[in-house]
Structures are given as structure tokens and as C-alpha cells.
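A short write-up of the structure that comes next.
The values are calculated or read from the model by the stated rules, or taken from the named source; none is laboratory data. Model, not experiment: these values are computed from the prediction. Positions of Cβ are backbone-derived with ideal geometry, glycine not excepted, and every protein chain shown enters the neighbour counts. Only protein heavy atoms, including side chains, enter the accessible area calculation; ligands, DNA and RNA are left aside. Shrake-Rupley method; radii C 1.70, N 1.55, O 1.52, S 1.80 Å.
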Amino acid sequence: MCCGRVAERASRAGGLAGAALCADCALELTVAPQRIDPQVPSVPVFACGPYGGAHRAIVLAAKDHMRAPAAKVIGRVWAGAVEYLAAGGELPHPRMCPVALVPAPTRRAAAKARGGDIVTAAARELARTLPGAQVAAIAELDDRAPDAVGLSRLQRRASLAENLRLHRGDVRKLAEFNRAGGEVLILDDVCTTGATIAQLALALAARGVPVRAALTACHA
């Protein structure tokens, strides 16, 4: 699923046993997450690795090759990252404080073509792995939104501002969840310019939902 080598069933690195990964890929995917600086005001952004090697391969397996097990692997990688960051005080632990996981938005047509939204699928695996976390899939992009490939950071922000759609009823529930003491975490597969995270966090904050942090599978 990652490098193409046969998985070693004995490998149990980072709780990724049974994920059809070889020992080397499993080990690479369990490196400690790092804070990155994609210039997202007020929201710390953490990445589970660079966009290369096993991290790139697992994202491409989920997005381009439509392999559902790859999305589950991303969810487990996120779960390990949350455990690590919570131990260092960077994030709340879902067992100690309820956490809402907000997947980054995508176009419905793109998600349908892939057999589903892989970020949301990975978020659900994270929630399954860490009780106390729940998925709040409240955002999507208008299908008329242009592909972000080739756009500058400012162009991406402008496109997102125009095409981001939030589900009003779900946002109200999320605001109530936050007022009751819950924390909000944005999830995305790849962070390039940080435009998606920044615009989503801004839109949520404008509706009374502050975002505690963002977590990505990898950063480019």
C-alpha cells in the first residue's frame, strides 16, 4: 500500500499492525509530529511528516488510487500524533476533553470520484481509535471551485473565501459544543500554503467557533 513491498505481519509500530505496511513504512509513519509555519494566524499547525516517502505514498494511495485502507492508516497516524501532542501539552487529549474533528473541505464531485472524502474517512478512524473525539464534517467546497494546483497562496485564499460552504445547523451545534468546553481540531491531508486551514479557521471563528489547532498528514 505504501512502498509496494509485502507487509511484515510482525510489525506493530505505532499501532499500525494489520495495515498492510512493511516495517520500514510503518516506522517512517510514526515519527513525531512537528509544528510547521504555513503562516496561519492564531492557529498552530502540526504535520506528521514531510510530503515524501511513506507519507506521500499513503496520501496518494488514498486520494489517487482510491484505497480505503490507506485512509484508515492516515487516521491511525493522526491518532498517534494526537497522543504525542497531548502528552506534550500541545493538544487536549480526547479522553480528558471532548474534541471535535473538522475535516478540511473538498468538492462533492471530487469526493464522489474518489469513492468518498478521504480526510473525513481518516477522521472517523481517528475518532474510532480515540474515544472522546467526534467528527464534525461541516464544510465543503462549491463544485465550481477551481483546482488549487497552480494557484498562489493569495489566489487560494480568494477562491476559498468565495467557494467555502459551511452547514449552518452543524456550525451552531459546534459552537454550542465549544461553549460547553469542547475543543476544535482541523484535519487535512496535505498542507502546502496553509490557505485551506487559514480560511476554514477564519470562517469558523467568525461564527463563534475558535479552532485550537490543525493537524495534517504531511506538509509540502
In a helix (DSSP H, G or I) and among the basic types (Lys, Arg): which single residue out of Arg95, Arg56 fits that description? Arg56
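Return yes or no: is Gly116 modelled with pLDDT under 95 and part of a loop (DSSP other than H, G, I, E, B)?
Yes: the conditions hold for Gly116.
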Answer from Pro103, Pro98 - the residue that is at pLDDT 90 or above, of a type outside the set (Gly, Ala, Ser) and open to solvent by less than 20 Å² (accessible area, probe 1.4 Å): Pro103
In the stretch 177-193, is there at least one residue being modelled with pLDDT under 90, open to solvent by less than 40 Å² (accessible area, probe 1.4 Å) and under 17 Å from the mean Cα position of the chain (by Cα)? yes
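Looking for something touching a Gly at 6+ places or on another chain (Cβ under 9 Å) and either open to solvent by less than 10 Å² (accessible area, probe 1.4 Å) or not aromatic (Phe, Trp, Tyr) (or both) - is there at least one such residue anywhere in the stretch 107-114?
There is no residue in the stretch 107-114 that is touching a Gly at 6+ places or on another chain (Cβ under 9 Å) and either open to solvent by less than 10 Å² (accessible area, probe 1.4 Å) or not aromatic (Phe, Trp, Tyr) (or both).
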Please indicate, with yes or no, whether at least one residue in the stretch 199-213 is in contact (Cβ under 8 Å) with a residue 24 or more places away in the chain, in a strand (DSSP E or B) and of a type in the set (S, T, N, Q). no
Conditions (1) under 14 Å from the mean Cα position of the chain (by Cα); (2) modelled with pLDDT of 90 or more; (3) under 16 Å from Ala123 (Cβ atoms); number of the one not met by His55: (3)
Is there a residue being within 28 Å of Thr30 (Cβ to Cβ) and either modelled with pLDDT of 95 or more or hydrophobic (A, V, I, L, M, F, W, C) (or both) anywhere in the stretch 153-169? no
Filter the stretch 83-95 down to residues that are surrounded by 14 or more Cβ atoms within 10 Å (Cβ to Cβ) and out of contact with any Gly (no Cβ under 8 Å at 6 or more places or on another chain), then give me how many there are. 7
Give the stretch 139-168 a look and list any residue that's open to solvent by 30 Å² or more (accessible area, probe 1.4 Å) and part of a helix (DSSP H, G or I), or say none. Arg153, Leu154, Gln155, Arg156, Arg157, Ala158, Ala161, Glu162, Arg168
